[in-house]
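Remarks on the structure that follows.
The values are calculated or read from the model by the stated rules, or taken from the named source; none is laboratory data. Since this is a predicted model, take the numbers as computed values, not measurements. Heads up, the Cβs are rebuilt from the backbone with ideal geometry, glycines too, and the neighbour counts pull from every protein chain shown.
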Amino acid sequence: MPDPITGITGSQACGAAVEVPLAHLSQGEQRAFYARGVELVPPPRPFDRIGMPQARGRVYAPLGDHLRRLEEPVVELGFARIERILGRALPASARRHRAWWSNEAGGGHSQAAAWMGQGWLVDAVDFTRDTVRFRRGHS
């Protein structure tokens, strides 16, 4: 139960942060994820000055970093490859909704900020092949 004043749970107060990367997926989706053999190794998480993990915006930074290092003007990445880059599963909405891949860096679109901040745009999403094509460019 969270502390009524701070809102921090007992595990957070002790400096622990319990994270379930596939919690947003149904049991069947979780089984399918693991059946694909994708290794889920979370990246090191940056901490703010009070020792708590920083905001969600950094979750997609490894994808932006990966794209920044590429020299090609266009690259196609499979969802499984993106998950390995991120060290976590994509949310279910990324596998179902084109809007998740929109080139809109404002608001709650931290994923788009990650690739757009490195000069990339999503050019196409293919849900039948589970791929995303990125291209260098400006919105």
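Miscellaneous remarks
- Against the list (1) touching a helix residue (DSSP H, G or I) at 6+ places or on another chain (Cβ under 9 Å); (2) in a loop (DSSP other than H, G, I, E, B), the condition GLU71 fails is (1).
- On the stretch given as the stretch 74-103, residues that are in a loop (DSSP other than H, G, I, E, B), more than 14 Å from ASP126 (Cβ to Cβ) and out of contact with any strand residue (DSSP E or B) (no Cβ under 9 Å at 6 or more places or on another chain) total 5.
- Test: residue in the stretch 28-40 that is among the β-branched types (Val, Ile, Thr) and either modelled with pLDDT under 55 or within 25 Å of TRP120 (Cβ to Cβ) (or both): yes
- Against the numbered list (1) touching a Gly at 6+ places or on another chain (Cβ under 9 Å); (2) over 13 Å from ARG133 (Cα atoms); (3) without any contact (Cβ under 8 Å) to a residue 24 or more places away in the chain, GLN118 comes up short only at (3).
- Residue list for the stretch 44-99, restricted to those being closer than 18 Å to LEU22 by Cα, modelled with pLDDT under 95 and among the aromatic types (Phe, Trp, Tyr): TYR60
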